Amino acid sequence: MGTFDLKKTKNGKFMFNLKARNGQIILTSEMYNSKKSAENGIASVQKNCGDDSKYDRLTGKSGKPYFCLKAGNNQVIGQSQQYKSSSSRSTGIASVKKNGKSETINDLT
């Protein structure tokens, strides 16, 4: 199972990364003004990660595919890296579905 790393950024905001078992970052959150909001974002990932309809499959300006995970209110919770192919993006989504229910939160604030 994956882990969430909760961090405070240099500009005083909060964010988290969802990491797979191998330590690779598979989802990076938006920036939050408070730690509590970031914790709520983690809870939203845990709740929504298994629902395929919550994933927007997108293409960046570079032409590379990526995805965003959205909450029930359609707000973006987090975004993936850019991938080399659509199939790699699909593998990334499958990894978030598998690891996103993790209850392990590393509080690095």
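Couple of notes before you dig in:
- Label point distance in nm, residue 74-residue 94, each placed 7 Å from Cα along Cα→Cβ: 3.0
- For the chain, the 222 nm mean residue ellipticity estimated from helices alone, with every DSSP H stretch of n ≥ 4 adding -39500 (n - 2.57) and the total spread over all residues, rounds to -8500 deg cm²/dmol.
- Each part gets one Cα centre, and for segment 73-109 versus segment 9-71 those centres are 6 Å apart.
- Residues of type lysines that residue 36 reaches as a straight line, Cα spacing below 19 Å, ignoring anything fewer than 8 places off in the same chain: 7, 8, 10, 13, 47, 70, 101
- Computed from backbone phi, the HN-Hα couplings of segment 7-21 come to 10, 9, 7, 4, 8, x, 8, 10, 7, 9, 10, 9, 10, 6, 4 Hz, rounded to whole numbers (Karplus: 6.51 cos²θ - 1.76 cosθ + 1.60, θ = phi - 60°; Gly and Pro given as x).
- In a simple Cβ point-charge model (Lys, Arg +1; Asp, Glu -1; nothing else charged), the chain has a dipole of about 260 debye relative to its Cα centre.
Every number here is computed from the coordinates shown, using simple stated rules; none is lab data. Since this is a predicted model, take the numbers as computed values, not measurements. Every residue, glycine as well, gets a Cβ built from its backbone with ideal geometry; the counts of neighbours run over all protein chains shown.
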